[in-house]
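None of the figures in this text is laboratory data; all of them are computed from the coordinates on show. Being a predicted model, the structure only gives us computed values, none of them experimental. For neighbour counting, all protein chains shown are included, and Cβ atoms are generated from backbone atoms with ideal geometry for every residue, glycine included.
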Amino acid sequence: MTDGDRAEHRYQAFFCEENVWHLCADPAIPDPVRAAVFISNEARAVAVAQQRIAPIPGFPVVWDYHVVMMSRPADGADWRVWDLDSTLPMGTPLAHWLDESFGGAWGFGEQHAPRFRVVEAGVYRTTLQSDRGHMRDDDGSWIQPPPSWALIGAGEGSNLMRFVDMDDAIAGTVTTRDGLAGVLASL
């Protein structure tokens, strides 16, 4: 398997938090230092470019939140980003991913500017709980098809939206794009 082969990783569209939960423990990824990174903001409307779901290739999608995994090789080389929903290669260097995903050429302004919650992978895997309730309609039907794997956290409720709320201190460190490198350096 190559780093860029998405098909080798567990994936379900619209369930990025679960995809990343699995990536954080994926033995096929050689990098030992890993973090789950939530991307959102106060308005829960963050513009992310280079997403596969975009109706126009390269054009931003406005997500209420998005989750990616970032990893660093054992030799201390630069951080890489694993975004299963991106058109960019798996394991894209952090600086390139930031420029392509949040380049600012779109003119969305501060209301769509990202904030990042960086959570060490082990903490994320032991803390996250999701009952997938956020993906159900008022009548209980699925908004999007769910993954085939078991619920994260054994169905004991959900704390997912606490991770999305950048003012909640559930886990990790919240920062801006400018502060992201510094937070990652502390892992």
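Restricting region 111-187 to chymotrypsin sites (Phe, Trp or Tyr not before Pro) that sit in a DSSP loop and have at most 16 other Cβ atoms within 10 Å of their own Cβ leaves TRP149. For region 134-141, the Karplus equation 6.51 cos²θ - 1.76 cosθ + 1.60, evaluated at θ = phi - 60°, returns couplings of 5, 10, 10, 6, 4, 8, x, 7 Hz by residue, with Gly and Pro reported as x. In the chain, the C-alpha radius of gyration followed by the widest Cα-Cα span (Dmax) gives 15.6, 51 angstrom. For region 90-187, the relative contact order comes to 35 percent (Cα pairs under 8 Å, sequence separation of at least 6). The calculated FRET efficiency for the pair ASP99 and ILE143, based on their C-beta separation and a Förster distance of 41 Å, comes to about 0.85.
Its Cα gyration tensor gives region 116-187 an equivalent ellipsoid. The semi-axes, each the square root of 5 times an eigenvalue, are 28, 14, 11 Å from largest down.
In a reduced charge model with +1 at each Lys and Arg Cβ and -1 at each Asp and Glu Cβ, the chain shows a dipole moment near 140 debye about its Cα centre. Here the residues GLU8, GLU120, GLU18, GLU156, ranked from fewest to most Cβ neighbours within 10 Å of their Cβ, fall in the order GLU156, GLU8, GLU120, GLU18.
For the pair SER186 and TYR11, label points projected 7 Å from Cα toward Cβ lie 3.3 nm apart.
Stokes-Einstein D for region 52-111 at 10 °C, 1.306 mPa s, Kirkwood Rh over Cα pairs, in µm²/s? Translational diffusion coefficient: 125 µm²/s. Using C-alpha pairs under 8 Å with a sequence gap of at least 6, the mean separation divided by the residue count of region 1-89 gives a relative contact order of 29 percent.
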